[in-house]
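Some notes on the structure that comes next.
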Amino acid sequence: MRRQRRWFRWLLAVSGAVILALAGTWWWSMPSAGDPFYTPPAQLPPAAGTLLRSEPYTHDIPSGARAWRILYTTRDAHGAPALASALVVAPTVGQAPYPVVAWTHGTTGAVPGCGPLPLGLPFANVPAFPQAIQAGWAFVATDDAGMAAPGVAPYLVGLGEARSTLDALRAARQVRGLALADATVVWGHSQGGHAALWTGVEWPRHAPELRLLGIAAAAPATDLPVLLSRIADEPVGRIMGAFVLRAYADTYHDVDFAAETRAASRWLARDMSARCLAGKQALVSVGEAMLAGGSIFAGAPADGAFGARLRENIPPPLTDLPAWIAQGDRDTLVLPDVQRGYVQRACAAGATLEYREYPGEDHLSLVKADGAYARDLLAWTQARFAGAPARGCR
């Protein structure tokens with residue numbers, strides 16, 4: 001009996017330690033607490049694109065450049081006031097005003113604290129950032145609304161992404177001591193490719209005073225219902241699905257998170273949706289995605305109100321602005337055959353669109369700093385700034 005009691009006490013101690021360790025890991029991997037820089041003012045100015053505050057930024061900024069992080073006003077997908085942040089980088093050499101590259105980032109999460117700036121990763125997967133600075137171009141990279149400052153993140157919500165990007169360009173022009181040219185080219189990757197294409201769509205309506213010359217989208221999420229359906233059973237599809245569901249449930253009244261998820265995976269899906277896809281948080285999310293098993297969705301993602309909202313956020317074809325879509329032929333997240341289908345339909349609808357596949361490249365290797373795409377991107381952007389004619393569909 002005494003031995004059994006000792007064994008029972010030992011078992012309780014080990015179980016308690018395991019529970020504490022798991023709870024500690026769960027808490028440790030949540031998004032960090034808010035930075036006072038992103039605290040909203042008591043009242044937002046009514047005009048979108050108003051610079052609220054700025055301060056110098058030095059983390060990972062290369063020599064020959066200076067940078068600021070900025071907080072500014074924007075609009076959400078419904079036109080309501082929202083708050084967003086961005087990084088602005090400009091060369092210290094060359095002649096001002098500087099042409100501008102607007103960068104729209106890939107997936108980092110869907111809640112405040114998960115933007116590239118609060119994560120300390122503003123240049124993650126940017127294919128040619130140092131080369132852009134050396135070329136004498138400025139760099140404006142939005143976190144998107146609700147990704148650093150409080151609010152709802154427009155994850156794969158086209159109008160919200162586009163407005164965050166366009167208003168960052170407006171606000172950057174208000175930074176004291178910085179002279180930016182009108183000429184602007186938008187770069188984006190993955191989720192950011194989706195945002196870049198939507199920026200071209202929304203530009204004439206939301207910020208026609210800006211001068212956009214072209215959109216370069218690397219592995220953009222385009223045909224959302226098909227893409228999400230094709231990867232729903234994969235761990236990465238469970239994580240992405242959780243992000244999309246959270247953003248859509250927060251954005252659209254007819255999308256219900258609970259109704260769209262299986263009961264067995266609902267808690268895990270909610271928890272994954274509240275984490276960033278970076279560092280320690282990503283490790284916990286991957287573990288949760290493995291535990292979830294199968295799709296997190298209760299039905300087909302393309303069905304019902306959720307499917308309708310996904311179709312609503314497929315980027316329309318760009319007919320008045322040059323666009324270039326690049327795709328790795330070994331991408332297992334944004335699938336090449338799905339991308340080809342989108343490109344064919346966009347071209348048939350009259351898009352001014354060039355499509356190029358890169359042999360042997362997957363979703364991330366496509367945008368590596370020394371890759372063929374980075375070199376081609378620089379040349380394509382230089383041609384847009386020089387006013388050279390762009391190739392159409394081919």
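Put in line by how crowded their Cβ is, counting other Cβ atoms within 10 Å and starting with the fewest, Tyr355, Tyr155, Tyr342 read Tyr355, Tyr342, Tyr155. If you sort the three axes of the alpha carbon gyration tensor as a ≥ b ≥ c, you get a/c of 1.5 or more for segment 211-355 and a/b above b/c, which makes it prolate. An oblate overall shape is assigned to segment 293-355, the ratio a/c of its alpha-carbon gyration tensor axes (a ≥ b ≥ c) being 1.5 or greater and a/b not exceeding b/c. The local environment of Ala84, defined by Cβ-Cβ distances under 12 Å, has a net charge of -1 under the rule Lys, Arg +1 and Asp, Glu -1. Taking a spot 7 Å from the Cα of Arg53 along the direction of its beta carbon, which residues of segment 118-162 have an amide N less than 15 Å from it? Residues 118, 148-150 fall inside that zone. Stokes-Einstein, applied to the Kirkwood radius of the chain over Cα pairs at a viscosity of 1.002 mPa s and 20 °C, places its translational diffusion at 99 µm² s⁻¹. For the chain, the longest principal axis of the Cα atoms and the long axis of helix 158-172 meet at an angle of about 60 degrees. Tell me the angle of helix 336-348 to the major Cα principal axis of the chain, expressed in degrees between 0 and 90 and rounded to the nearest ten. The helix 336-348 is inclined about 40 degrees to the chain.
Based only on other Cβ atoms within 10 Å, what is the fewest-to-most ordering of Glu55, Glu312? Could the numbers behind the result be given before it?
Numbers: Glu55 10, Glu312 14.
Listed from fewest to most nearby Cβ atoms, that is Glu55, Glu312.
Cβ crowding within 10 Å, taken as a proxy for footprinting-reagent exposure, orders Val89, Val338 from fewest neighbours to most as Val338, Val89.
Calculated [222 nm] ellipticity per residue, helices only, for the chain: -12500 deg cm²/dmol; basis is -39500 (n - 2.57) per DSSP H run with n ≥ 4, divided by all residues, nearest 500.
Our estimate of slack between Gln344 and Ala300, defined as 0.36 nm per intervening residue step minus the Cα-Cα distance, is 13.4 nm.
Peptides 219-229, 277-287, ordered by how many other C-beta atoms sit within 10 Å of their residues on average, highest first, read 219-229, 277-287.
Residues with beta-carbon under 11 Å from that of Arg340, excluding Arg340: net charge, scoring Lys, Arg +1 and Asp, Glu -1?
-3
If you take all other residues with their beta carbon under 12 Å from the beta carbon of His105, and give Lys and Arg +1 and Asp and Glu -1, the sum is -3.
Given a Förster radius of 35 Å and the C-beta distance between Thr39 and Arg262 as r, what FRET efficiency does 1/(1 + (r/R0)^6) yield to the nearest 0.05? Write down the numbers at each step before the final one.
Working: r = 38 Å, r/R0 = 1.07.
For R0 = 35 Å, the calculated efficiency reads 0.40.
Relative to the longest principal axis of the Cα atoms of the chain, helix 2-28 runs at roughly 10 degrees.
Indicate the gyration tensor shape class of segment 308-394 (rounded, prolate or oblate), computed on the Cα atoms with a ≥ b ≥ c the square roots of the eigenvalues: a/c under 1.5 is rounded; otherwise a/b larger than b/c is prolate and the rest oblate. Note, shape of segment 308-394 comes out oblate.
Placing unit charges on C-beta atoms (Lys and Arg positive, Asp and Glu negative, everything else neutral), compute the dipole magnitude of segment 225-310 about its Cα centre in debye, rounded to 20.
Values: 9 positive and 9 negative charges, 46 e Å.
About 220 debye.
Here, each number is a calculation from the coordinates, and none is a lab measurement. Owing to the predicted nature of the structure, the values given are computational and were not obtained by experimental measurement. Here the Cβ is made from the backbone with ideal geometry for all residues, glycine too, and neighbour counts use every protein chain on show.
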